[in-house]
Amino acid sequence: MSQPNILHNFKSKNFDSRKYKIQFIILHYTQTLNIEKAIDLLTSKNRKVSCHFVIDTNGQIYNLVSESKRAWHAGESSWKGLQDMNSRSIGIEIVNPGEKKLKSYPKAQIDQLINLIHFLEEKFKIPYYNILGHSDIAPHRKIDPGKHFPWKKLHKKKIGLWVEINQIINRSLSEKESNEFLKNLYRIGYQYPEQNNFKTNSVMIINAFHRHFVPKLVGKKPTSISLIKSRELIKINNT
């Protein structure tokens, strides 16, 4: 895999030293209308956020922080019990106004994202299932890259987790099935709901799962489709 065309016009000083090896790639959206505003936010001394790469709507890639450094993109987050995801990951921001703006991702942008991820996967030996969204690792705080992000398309390029099922009947879950579903999310890698606010935390984690795997169910209760997909994902995790 040849290196994508990466520009170094802008740099962020918002980084420090890594404590762990790179294992993950975390995908975000900028929640801005354009690259200029995104760069302002990601290089701001006051906001204390950054990422390694940002991709414009036309597909142009910019490097803001050296891959060897710990960019500040993940915040308080975890996956499969692992903490300090900033130290363990490369952060990629994608210029997009956000889920609530109902703005789809341009083809040129996604094509270059795929190229960049393949390059980074090979360079750092990152497995495809460790390509995650910010909402996957921080479900209580974040919803990016949002329900419009094309995870299915990326999975066809061997990037990220996704499962297809043949389930036609979409029914409500029993209490027993609901409990199994929550446990399945934890086994997949999501955080387990905090006991002091179990119901609210459960909804946030379920929504994070739906954003990634069943976008049409965001904001709704899990169904038999949610449960079956969670079971299939566990099988992938155990292979």
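Quick note: the coordinates plus some simple rules give every number you see, no bench work behind them. Bear in mind that the values here come from a model prediction, so they are computed numbers and not experimental data. Please note: Cβ atoms are built from the backbone with ideal geometry, for glycine as well, and neighbour counts cover all protein chains shown.
Values as computed for the structure displayed
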{"read-out": "Net charge, E121 excluded, C-beta distance under 13 Å - Lys, Arg +1, Asp, Glu -1", "value": "+2"}
{"read-out": "Top of I165, I25, I114 by mean-square fluctuation, Gaussian network on the chain, Cα under 10 Å", "value": "I165"}
{"read-out": "Fewest-first ranking of L227, L185, L173, using other Cβ atoms within 10 Å as the exposure measure", "value": "L173, L227, L185"}
{"read-out": "The stretch 175-237: radius of gyration over Cα atoms, expressed as a fraction of 2.2 N^0.38 Å", "value": "1.01"}
{"read-out": "FRET efficiency estimate (nearest 0.05) - Cβ-Cβ, H8 to K45, R0 25 angstrom", "value": "0.80"}
{"read-out": "Projected label distance in nm at E232 and I169, using a 7 Å step from Cα toward the beta-carbon", "value": "1.8 nm"}
{"read-out": "Contour minus Cα-Cα distance for K125 and H148 (0.36 nm per residue)", "value": "5.5 nm"}
{"read-out": "Cleavage-rule hits (GluC sites (Glu not before Pro)) in the stretch 98-184: DSSP loop, at most 16 neighbouring Cβ within 10 angstrom", "value": "E164"}
{"read-out": "Nonlocal amide H pairs with G133, under 5 Å, H built at 1.01 Å", "value": "L27"}
{"read-out": "Inter-label distance, nm, simple model (7 Å from Cα along the C-beta direction), E194/N179", "value": "2.4 nm"}
{"read-out": "Integer Hz, Karplus 6.51/-1.76/1.60 couplings in order for the stretch 69-82, x for Gly and Pro", "value": "9, 8, 6, 9, 10, 8, x, 5, 6, 6, 8, 6, x, 7"}
{"read-out": "Zero-based 10 Å bins, Cα pair distances in the stretch 53-180, whole percents", "value": "11, 37, 36, 12, 4"}
{"read-out": "Geometric extent, Cα atoms of the stretch 140-185 - Rg, Dmax (angstrom)", "value": "14.1, 37"}
{"read-out": "Cα gyration tensor shape for the chain, rounded if a/c is under 1.5, else prolate or oblate", "value": "prolate"}
